[in-house]
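S.K.: Take this structure, written in structure tokens, and hold onto it; I'll ask about it next.
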2 protein chains.
Amino acid sequence: MKLIKVKEAIQSDNDQLAGQLRGKLKEEKTFLVNLMSSPGAGKTSLLLQTTAQMKHELRMAVIEADIDSSVDAERIVDSGIPAIQLQTGGFCHLDVPMVQQGLGALDSRGLDLIFIENVGNLVCPAEFDTGATIDVMILSVPEGDDKPLKYPLMFSKCDALIVNKIDYLQTSLTDFDLDLLEKRVRKLNKNINIFPLSSRTGEGIELWSEWLSSKVYEHNS
Amino acid sequence: MKLIKVKEAIQSDNDQLAGQLRGKLKEEKTFLVNLMSSPGAGKTSLLLQTTAQMKHELRMAVIEADIDSSVDAERIVDSGIPAIQLQTGGFCHLDVPMVQQGLGALDSRGLDLIFIENVGNLVCPAEFDTGATIDVMILSVPEGDDKPLKYPLMFSKCDALIVNKIDYLQTSLTDFDLDLLEKRVRKLNKNINIFPLSSRTGEGIELWSEWLSSKVYEHNS
């Protein structure tokens, strides 16, 4: 009981900070994407593909969050995109003060688009507003089409759902049903934008990047 | 700072309760397995295969934990194994009082082996002792072989690691390296037992079930 009250107070402070951060980023014409998924759904690979697609038109950077490692940030920096790594040291999600630390370290002014790669987790990150302009989640085909039944809050709060690893649909290894998934997701979130794609083959990356690009121009203009 | 202190106090209470529960289960000759993984790594499918393999020799039951649904418990009950569903209502892990509620609802006396299917999450469940006799985790091949670098606590605390969906290794869709994974895991946990298997094809299930069965007999005799 006591834990829950502490959590609620922290969340309410966090919500207020998130609103302030969103306002500041709007003024500064910087679009912030909070990217969430299970471990191994392909957040870093998606970021590599997306930034490659958009790097000639937008100034971008990435804030990587992990419990304890910096392998993801290194992959991003190797691709020519500035990145910083936040080690959460056990924390299972990012909150606004952690995101602000990341933005400070990047010197976010002058950037058009910043991605936050949140901790790999479908539970806790769904509960904490990061102050991002939009929330995006990845579900990968091998995880199964039943995930909206089990993690409804995450599916409810996102502006876009990326269904990654669609190249696995062509094998007999999975009975993942894309139509059934969409039906389950729309029950929770009628207007969510769904992008089936494969970060490995590149299929579907263009549609997703074009949608994101139009959102960035709309926000920053 | 305040949150961390609350968390530490709760964890210390929980550790004490966990020790007491482990002692009680030893006396009652009941073996309790805490099964953890990311969402969609295949916890329920593994339980269906494992209980089918062992149901002629052991009296078993399953405690399912989910944020919000009962689809997993229904699959277990349909297979002829008693199961109860704990809906955590937002909590990202199980603690001892929640497990005790499950054991009470099952009437655990007279059972040889009980499985807890923890919330799908590689972060928070690693931090909370459930009072189980052993901790087991599943990593599935599509998640990637870099997960020990990112979620070291989970890999450090488990007695056994199941590498599920090894049928995916035969495709060109993944560059997962089983030897590299093992090397990374053993750096964190020298004596962990590793079982590569596929819950879909049944490959490797027998070796894992035999190991578990021998642990149960050792504990309960």
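The values are calculated or read from the model by the stated rules, or taken from the named source; none is laboratory data. Please read these numbers as outputs of a predicted model, since none were measured by experiment. Note: ideal-geometry Cβ built from the backbone for every residue, glycine included; neighbour counts use all protein chains shown.
S.K.: Only one of A:Arg200, A:Arg186 is within 13 Å of chain B (Cβ to nearest Cβ) and charged (D, E, K, R). Can you tell me which? Steps first, answer last, please.
M.R.: Numbers: A:Arg186 fails: within 13 Å of chain B (Cβ to nearest Cβ).
On inspection, the qualifying residue turns out to be A:Arg200.
S.K.: Only one of (1) out of contact with any Lys or Arg (no Cβ under 8 Å at 6 or more places or on another chain); (2) within 14 Å of chain A (Cβ to nearest Cβ) is not met by B:Ser69, so which one is it?
M.R.: That leaves (1) as the condition not met.
Yes/no per residue for (1) at pLDDT below 95; (2) of a type in the set (Asp, Glu); (3) assigned to a strand (DSSP E or B):
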{"position": "B:Ser45", "(1), (2), (3)": "no, no, no"}
{"position": "B:Leu48", "(1), (2), (3)": "no, no, no"}
{"position": "B:Thr51", "(1), (2), (3)": "no, no, no"}
{"position": "B:Asp68", "(1), (2), (3)": "yes, yes, no"}
{"position": "B:Arg75", "(1), (2), (3)": "yes, no, no"}
{"position": "B:Ile84", "(1), (2), (3)": "yes, no, yes"}
{"position": "B:Phe91", "(1), (2), (3)": "yes, no, no"}
{"position": "B:Leu111", "(1), (2), (3)": "no, no, no"}
{"position": "B:Phe115", "(1), (2), (3)": "no, no, yes"}
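S.K.: With respect to A:Ser12, is the statement that it is assigned to a helix (DSSP H, G or I), under 13 Å from the mean Cα position of the chain (by Cα), more than 14 Å from A:Leu103 (Cβ to Cβ) and not aromatic (Phe, Trp, Tyr) true?
M.R.: Working: assigned to a helix (DSSP H, G or I): yes; under 13 Å from the mean Cα position of the chain (by Cα): no; more than 14 Å from A:Leu103 (Cβ to Cβ): yes; not aromatic (Phe, Trp, Tyr): yes.
Answer is no for this residue.
S.K.: The conditions are (1) more than 11 Å from every other protein chain (Cβ to nearest Cβ); (2) of a type outside the set (Ser, Thr, Tyr); (3) under 25 Å from A:Gly120 (Cα atoms); (4) surrounded by 24 or more Cβ atoms within 10 Å (Cβ to Cβ), and B:Asp129 fails exactly one of them. Which is it?
M.R.: Of (1) more than 11 Å from every other protein chain (Cβ to nearest Cβ); (2) of a type outside the set (Ser, Thr, Tyr); (3) under 25 Å from A:Gly120 (Cα atoms); (4) surrounded by 24 or more Cβ atoms within 10 Å (Cβ to Cβ), only one is false for B:Asp129: (4).
S.K.: Which of the following residues is more than 30 Å from B:Ser12 (Cβ to Cβ) and touching an Asp or Glu at 6+ places or on another chain (Cβ under 9 Å): B:Leu139, B:Leu169, B:Leu178?
M.R.: Details: B:Leu139 fails: more than 30 Å from B:Ser12 (Cβ to Cβ); B:Leu169 fails: touching an Asp or Glu at 6+ places or on another chain (Cβ under 9 Å).
Matching residue, one of B:Leu139, B:Leu169, B:Leu178: B:Leu178.
S.K.: Give just the number: which of (1) of a type outside the set (Asp, Glu); (2) crowded, with 22+ Cβ neighbours inside 10 Å; (3) within 13 Å of the chain's Cα centre (by Cα); (4) at pLDDT 95 or above does A:Gly120 not satisfy?
M.R.: (4)
S.K.: For the stretch A:172-221, how many residues are of a type in the set (Lys, Arg) and touching a strand residue (DSSP E or B) at 6+ places or on another chain (Cβ under 7 Å)?
M.R.: Of all residues in the stretch A:172-221, those of a type in the set (Lys, Arg) come to A:183-184, A:186-187, A:190, A:200, A:215.
Imposing the further condition that a residue be touching a strand residue (DSSP E or B) at 6+ places or on another chain (Cβ under 7 Å) reduces the set to A:215.
Here the count works out to 1.
S.K.: Count, please, the residues in the stretch A:154-165 that happen to be surrounded by fewer than 21 Cβ atoms within 10 Å (Cβ to Cβ) and in contact with a strand residue (DSSP E or B) (Cβ under 8 Å, 6 or more places away or on another chain). Let's see the steps before the verdict.
M.R.: Of the residues in the stretch A:154-165, the ones surrounded by fewer than 21 Cβ atoms within 10 Å (Cβ to Cβ) are A:156-157, A:159-160.
Okay, now just the ones that are also in contact with a strand residue (DSSP E or B) (Cβ under 8 Å, 6 or more places away or on another chain), so A:157, A:159-160.
Residues in the stretch A:154-165 being surrounded by fewer than 21 Cβ atoms within 10 Å (Cβ to Cβ) and in contact with a strand residue (DSSP E or B) (Cβ under 8 Å, 6 or more places away or on another chain): 3 in total.
S.K.: I'd like to verify a number: residues in the stretch A:171-195 that are over 19 Å from A:Trp208 (Cβ atoms), out of contact with any Phe, Trp or Tyr (no Cβ under 9 Å at 6 or more places or on another chain) and in a loop (DSSP other than H, G, I, E, B), how many?
M.R.: Residues flagged as over 19 Å from A:Trp208 (Cβ atoms), out of contact with any Phe, Trp or Tyr (no Cβ under 9 Å at 6 or more places or on another chain) and in a loop (DSSP other than H, G, I, E, B) within the stretch A:171-195 amount to 4.
S.K.: Hey, another quick one. Looking at the stretch B:139-164, which of its residues are outside any helix (DSSP H, G or I) and either in contact with a His (Cβ under 7 Å, 6 or more places away or on another chain) or facing chain A (nearest Cβ under 7 Å) (or both)? Please lay out each step first, then the result.
M.R.: Of all residues in the stretch B:139-164, those outside any helix (DSSP H, G or I) come to B:139-140, B:144-146, B:151, B:158-164.
Within the stretch B:139-164, B:Ser140, B:Gly144, B:Asp146, B:Tyr151 qualify.
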